[in-house]
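Below is one structure, written out as structure tokens; the observations come after it.
The values are calculated or read from the model by the stated rules, or taken from the named source; none is laboratory data. Treat the numbers as computed from the prediction; the structure is a model and nothing was measured. Note: ideal-geometry Cβ built from the backbone for every residue, glycine included; neighbour counts use all protein chains shown.
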Amino acid sequence: MNLPRRTFLKGILATSGAVALGTLLAAVMADWPKTAFQSETVEGALNALFESPDSEETDKITIIAPDMAANGNSIPVEVKVDLPKVESITIIADKNPVPLVARFKFADNAEGYVKTRIRMAKTSNIVTVVKADGKLYTARRQVKVTVGGCGG
């Protein structure tokens, strides 16, 4: 075997990096709630995500989104949570063909904040379900979509 040292090291690093990336992706995908993201109803998605989807409406969740979106393909959404021990933030567009848009899990002591862009098929409510200190809380905000988004 007559490989130069640099070529040998590059090969070893590339292989170990690929293995590490594959392991990371497998761990992330194992925690992906496939049934919830495939559900065509809000209730089905919530039942797949939470043991008991009963929640309490609260003003401690602020959803910042436009009242009207000229295009449903990319709607900016910001969620701020003023509750202790936020475990997750789930975003749902209740009139989408697949209502579950996103789910974010948080580490201990993380700030309950998410900023993203979502796709909406038509005018509907953005429903945010926050799990904090073992309990579920919700807030909603209607966004009017004037041009088609996902699904017509």
Kindly state which strands (runs of 3 or more DSSP E) lie completely within the stretch 43-152 and contain at least 2 residues that are buried (at least 21 other Cβ atoms within 10 Å of the Cβ) and over 17 Å from the mean Cα position of the chain (by Cα). 135-145
Taking the stretch 107-116 as the region of interest, how many residues are modelled with pLDDT under 90 and farther than 21 Å from S55 by Cα? 4
Looking at the stretch 117-152, which of the residues that are more than 22 Å from K85 (Cβ to Cβ) and of a type in the set (S, T, N, Q) is modelled with the lowest pLDDT? T146
Among all residue pairs at least 6 apart or on different chains, which show Cβ distances below 7 Å where the first residue, located in the stretch 93-104, is without any contact (Cβ under 8 Å) to a residue 40 or more places away in the chain and within 11 Å of M120 (Cβ to Cβ) and the second is surrounded by 21 or more Cβ atoms within 10 Å (Cβ to Cβ) and of a type in the set (G, A, S)? V101/A93
